[in-house]
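This report refers to the structure that appears directly beneath it.
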Amino acid sequence: MPPYTRVPFLQTGSLVVGNRLLAPEQRTVQADPARANAITCGHRACQGCGEALGARYALDAAMRATGGDVIAANATGCLEVFSTPYPESSWQLPWVHSLFANAPAVATGIAAALRAKGNDHTRVIGQGGDGGTVDIGFACLSGMFERGDDVLYICYDNEAYMNTGVQRSASTPPAARTATTQAVGPDPGAPFGQGKFVPLIALAHEIPYVATATIADLHDLEAKVEHAMSIRGARYIHVYVTCPLGFGVDSGDSIRIARLATETGYFPVFEGAYGDITGVTKIRRKLPIETYLKPQRRYAHLFRPRRRDEVIARLQARADRNIARFGLLETGPQGNGAGVTGADANGDALGRVDQLIEAGEIL
Amino acid sequence: MLEIRLHGRGGQGAVTAAELLALAAFSEGRHSQAFPSFGSERMGAPVVSFCRIDDRAIRAHDPITHPDALIVIDPSLVHQVDLFSGLGTGGFVLINSTRSLAELRLGELAERVAPERLRTVAATEIAREELGRPLPGAALLGGFAALTGAVGIDAVAQAFLDRFPGAVGEGNARAARRAFAAVLNGSADGASARPRPRPEATALLHAGATKESPAQAPGLVQLEGSQAVAEAIARCRPEVISAYPITPQTHIVEGLSAMVKAGRLEHCEYVNVESEFAAMSAAIGASAAGARAYTATASQGLLYMSEALYNASGLGLPIVMTVANRALGAPINIWNDHSDSMSQRDSGWIQLYVESNQEAVDVHLQAFKLAEELSLPVMVCVDGFVLTHAFERVELPSQDAVDGFLPPYDPRQVLDPAEPVTMGAMVGPEAFTEVRYLAHLKQMQALDLIPEIAAAFAQRFGRASGGLLHRYRTSDADTVIVALGSVLGTIQEVVDELREQGQRVGCLGIKAFRPWPAEEVRAALAPARRVVVLEKALSVGIGGIVSQNVHTALEGSGGVAIHTAIAGLGGRPITRATVRELVANARAGRLPSTSFIDLNLDLVQRELEREVARRRSGPYAENMLRDVGIVAASPVT
């Protein structure tokens, strides 16, 4: 690889997409012309849809890991609606949509059927948005986890019910404006002290693999999916995905917002196994939460008509707590190598990424 | 038919005793039936169980209100419960006690029974000595064999040996024989004197009817309904079973669980899911992946999976599910009626109702065949408790025979990486009507297929089971009772009685409620001038559900009066007396278009008055319970 060629790193705006700097076997699945295209083009997702991007990377990685031997069960939601408007389907793999709340249980049934038939090669993925996962589908998800069913469940978390027009879910963060937590009254937006972080709940089930990822680090997402496909049992990957509509950001900023989510400590990227956290993706340079909030119109009421410093401070405290809790700034072990978090893949390249950030060429 | 009622307390083995009495009779080639008074009885609470013995098939499934014999397991009940209720002067009574009849101070109760048919036996003491535990069941059955001669002592002893292998069975068998001898010979163990077997009891049996012993028919067994269903399901070789417990369905999935765990049911995945919603969802996933999928539920569980029911049928997945019919709350009620499955009549599932445990076995076999031929889900509705917990004689088909009848599942659609398909895509107005119409068309095809499959079944297994309708003496009947499920047997008993009196009464059993066999119903009811639809469900705000369908079937056929009789809600027994009165009222023109059978209007009136008198009148279910005296507290006034 040409270590000192100056690369703009702008294709996806990610810290780690320096694909051309990597050895061929480390390159992203999407760089492979023979990739599965599990969700093929022509679907009806919005421009800049983080879920469409995340799902394409995740499923193509799963397809590569299994030689295309995957069945997917999908919850109701944007991903289902935009991918299968009658009579068209974007899905290049066997795919079933049953209901909003039952994707994990449908996946359980598929896995059971394969086992009953002695099929030990075909793998099963369940997937849905945050509504279908952390809210209405949570019981089925927990049941699938505790039974240890051989299913990888992927949640694409855009922090509200975007399909129905941006209503609050249990994944909606405090202060965020949604159609059911509007920016009105003395405490505009979603309340503090509510919501849940399902990756840690998944971890509490002591399943063999739990990971978080974002669409800012798609190579990491691919690696985590590939790792998940290398093990058996119930596995969970929770992917932060931007929704331009719901967040109120420009379509072209989807990835930048996701990167800010990690770099501010707002969204911790980590891996765990059997109840323990086994690795975290460090923040290379901690940014104030305001840099994450300000570009999103769902937080506009924190800045206009007057600045609400007390609310911003509470959100900063939340991010700081993540940083402390997950050790996001400490030196120490990185992700387990499955989730190659860029730095390990190419220290030299990332060293220069730092410089680029300093120079303002990234972000 | 000999009808026996057993009174005990929870934990004393009243239910087991009834079952083993039935088993003893069965082993002698008789038909028999045992069932508990269903409920959530706790240790020590009064418990009633029932046993019927006959030399021909037993159709009735109502609780025994007029017993020919009583077995009193706990003598302390004598003055607490109306033990002797309904017992005729020719009845037999056996009481577990060391005391004499005089000491028991039965008073006028005893006078209702001929003295030589009223006996005590020290069953608990005999059990303590022979078994080391105070479980009087075997000794009482031994005594009962001596008192009535309705079963042989060898059969009683063997029933215990079979049920409890080893020392426990041997102890029980000794206890049974000792009590038998005691009652027969008046030894010290039998507290009252002058015992002698009573041939009068056997006279109640239909002597001369063909007796077929289990030894002659290898598949003939005496089983609890739920276990019989589990055995039938196992023979259908399900590949995925999702299970979630709910009374009164639970014994079915328990039975299947044991079979899978023990390795008897191979190539089958048994999944303990976290809800009925997940149970149906897992079945959807399994069926979509090409596996033969099964689950079972009841009542609230059926409602909890309702969304998934519509999904399974909409996707065209041939899942088979048993519904152990039970009421819906609130108020919470675990007993039988048809509210649950009736509430899902529009879910796109085929709904088959069975009237006996034999039919439950047979129709499950047919259900898989039907489901898989049409690629539609089928619900087999089995009355909760009344059938699921009834311990009856059934003939289980051999595995070979079932394999010959039901080929392996060959799906029309399957999730397969080699041939990827999208299932469950969104369909807009441009094709939704057509998709729904196709669902209707496919279900209507079942009107042809159900009789075809029933005929194929009859040919292979030599029994008539299933089908669309069961016409019982309807061809010249001016009055026909229409009903579904286990109450049909009870109605048929009454029809026979009334026919002997010259009344032209018939019974039409609805076996397939969805699809609705309108033409067949119309034809079957053509001779009738009065139709009484006996409904075990209520559509609040209109009344009958089945009767609306009957009205549809009879549209335009003038001169026939259709009555809706709401009965049996939440487990209220529909007895032969109930049916007799219903027919009498109908024939006398005293039946309104909709009536509630055995309704306690006084109870309702009191609550209505309370509501007028006081704004905060309180929860009405609790108020009414207070009024009937079940809750020991003064009524809110």
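The values are calculated or read from the model by the stated rules, or taken from the named source; none is laboratory data. Model, not experiment: these values are computed from the prediction. Cβ sites come from the backbone with ideal geometry, for glycine too, and all protein chains shown count toward neighbours.
Within the range B:13-28, residues that are closer than 14 Å to residue B:135 by Cβ reach partners that are part of a helix (DSSP H, G or I) and of a type in the set (Phe, Trp, Tyr) with beta carbons closer than 7 Å, at six or more positions or on different chains, in the pairs B:20/B:160.
In the condition set (1) modelled with pLDDT of 95 or more; (2) within 14 Å of chain B (Cβ to nearest Cβ), residue A:129 is compliant with all but (2). Hey, could you check the range A:32-43 for residues that are exposed (fewer than 15 other Cβ atoms within 10 Å of the Cβ) and more than 20 Å from the chain's Cα centre (by Cα) and say which is nearest to residue A:217 (Cα to Cα)? Among them, the one singled out is A:32. When residues in the range B:585-604 are screened for being assigned to a helix (DSSP H, G or I) and either under 26 Å from the mean Cα position of the chain (by Cα) or loosely packed, with under 11 Cβ neighbours inside 10 Å (or both), 2 of them pass.
Scanning the range B:481-530 for residues being of a type in the set (Gly, Ala, Ser), in contact with a strand residue (DSSP E or B) (Cβ under 8 Å, 6 or more places away or on another chain) and farther than 26 Å from residue B:367 by Cα gives a total of 2. Quick check on residue A:177: is it crowded, with 23+ Cβ neighbours inside 10 Å, free of Cβ contacts under 8 Å to residues at least 24 places away in the same chain and within 28 Å of residue A:46 (Cα to Cα)? It is false that residue A:177 is crowded, with 23+ Cβ neighbours inside 10 Å, free of Cβ contacts under 8 Å to residues at least 24 places away in the same chain and within 28 Å of residue A:46 (Cα to Cα). Consider residue A:55 carefully, then state whether it is more than 8 Å from chain B (Cβ to nearest Cβ), in a helix (DSSP H, G or I), surrounded by fewer than 24 Cβ atoms within 10 Å (Cβ to Cβ) and not basic (Lys, Arg). Answer is no for this residue.
Within the range A:60-118, restricting attention to residues that are more than 7 Å from chain B (Cβ to nearest Cβ) and part of a strand (DSSP E or B), which residue is surrounded by the most Cβ atoms within 10 Å (Cβ to Cβ)? Ranking the qualifying residues of the range A:60-118, first place goes to A:72. Of the residues making up the range B:308-356, those that are in a loop (DSSP other than H, G, I, E, B) and of a type in the set (Val, Ile, Thr) are B:319, B:332, B:334, B:354. Put simply, of A:313, A:300 the only residue that is at pLDDT 50 or above, closer than 23 Å to residue A:245 by Cα and of a type in the set (Gly, Ala, Ser) is A:300. When the residues of the range B:254-268 are filtered to those that are surrounded by fewer than 18 Cβ atoms within 10 Å (Cβ to Cβ) and within 10 Å of another protein chain (Cβ to nearest Cβ), the one that is farthest from residue A:149 (Cα to Cα) is B:266. From the list A:38, A:55, A:103, exactly one residue is small (Gly, Ala, Ser) and touching a residue at least 60 places away in the same chain (Cβ under 8 Å). Which is it? Testing whether each residue is small (Gly, Ala, Ser) and touching a residue at least 60 places away in the same chain (Cβ under 8 Å) leaves just A:55. When restricted to residues that are facing chain A (nearest Cβ under 7 Å) and acidic (Asp, Glu), the range B:269-290 contains 2. Listed conditions (1) outside any helix (DSSP H, G or I); (2) out of contact with any Leu (no Cβ under 7 Å at 6 or more places or on another chain); (3) not small (Gly, Ala, Ser) are all met by residue B:359, apart from (1). Hey, does the range B:81-93 have a residue that's at pLDDT 95 or above, surrounded by 24 or more Cβ atoms within 10 Å (Cβ to Cβ) and either of a type in the set (Phe, Trp, Tyr) or under 15 Å from residue B:389 (Cα atoms) (or both)? Among the residues of the range B:81-93, not one is at pLDDT 95 or above, surrounded by 24 or more Cβ atoms within 10 Å (Cβ to Cβ) and either of a type in the set (Phe, Trp, Tyr) or under 15 Å from residue B:389 (Cα atoms) (or both), which makes the answer no. Here are some residues: B:609, B:520. Which one is surrounded by 16 or more Cβ atoms within 10 Å (Cβ to Cβ), acidic (Asp, Glu) and out of contact with any His (no Cβ under 8 Å at 6 or more places or on another chain)? Step by step, each of B:609, B:520 is checked, and only B:520 is surrounded by 16 or more Cβ atoms within 10 Å (Cβ to Cβ), acidic (Asp, Glu) and out of contact with any His (no Cβ under 8 Å at 6 or more places or on another chain).
Only a single item in (1) touching a strand residue (DSSP E or B) at 6+ places or on another chain (Cβ under 6 Å); (2) aliphatic (A, V, I, L, M); (3) part of a loop (DSSP other than H, G, I, E, B); (4) closer than 29 Å to residue B:376 by Cα is not met by residue B:537, and it is number (1).
Screening residue A:195 on (1) touching a Phe, Trp or Tyr at 6+ places or on another chain (Cβ under 8 Å); (2) surrounded by fewer than 24 Cβ atoms within 10 Å (Cβ to Cβ) shows it passes everything except condition (1).
Restricting the first member to the range A:260-281 and to residues that are under 21 Å from residue A:158 (Cβ atoms), and the second to residues that are acidic (Asp, Glu) and surrounded by fewer than 23 Cβ atoms within 10 Å (Cβ to Cβ), the beta-carbon pairs closer than 8 Å and six or more apart or on different chains are A:265/A:320.
Residue-by-condition table, conditions (1) crowded, with 21+ Cβ neighbours inside 10 Å; (2) more than 23 Å from the chain's Cα centre (by Cα); (3) closer than 30 Å to residue B:52 by Cβ; (4) free of Cβ contacts under 8 Å to residues at least 40 places away in the same chain:
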site: B:374; (1), (2), (3), (4): no, yes, no, no
site: B:383; (1), (2), (3), (4): yes, no, yes, no
site: B:426; (1), (2), (3), (4): no, yes, no, yes
site: B:433; (1), (2), (3), (4): no, yes, no, yes
site: B:442; (1), (2), (3), (4): no, yes, no, no
site: B:456; (1), (2), (3), (4): no, yes, no, no
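Screening residue B:582 with (1) surrounded by 14 or more Cβ atoms within 10 Å (Cβ to Cβ); (2) over 24 Å from the mean Cα position of the chain (by Cα); (3) not in a loop (DSSP other than H, G, I, E, B) gives one miss only, at (2).
Scanning the range A:189-217 for residues that are within 16 Å of residue A:318 (Cβ to Cβ) and small (Gly, Ala, Ser) returns A:189, A:190, A:193, A:195. Of the residues making up the range B:370-392, those that are outside any loop (DSSP other than H, G, I, E, B) and out of contact with any Phe, Trp or Tyr (no Cβ under 7 Å at 6 or more places or on another chain) are B:370, B:371, B:373, B:374, B:380, B:382, B:383, B:392. Counting residues in the range B:82-91 that are on the phi > 0 side of the Ramachandran plot and not hydrophobic (A, V, I, L, M, F, W, C) gives one or more. Going by the structure shown, is residue B:340 farther than 30 Å from residue A:110 by Cα and modelled with pLDDT of 95 or more? Judged against the criteria, residue B:340 is not a match. Screening the range A:20-31 for residues that are surrounded by 19 or more Cβ atoms within 10 Å (Cβ to Cβ) and hydrophobic (A, V, I, L, M, F, W, C) and picking the one that is modelled with the highest pLDDT gives A:29.
Look through the range B:395-437, keep the residues that are part of a helix (DSSP H, G or I) and within 14 Å of chain A (Cβ to nearest Cβ), and return whichever of them is farthest from residue B:467 (Cα to Cα). That would be B:432. Taken together, A:124, A:134 contain a single residue that is more than 10 Å from chain B (Cβ to nearest Cβ) and among the aliphatic types (A, V, I, L, M), which is A:134.
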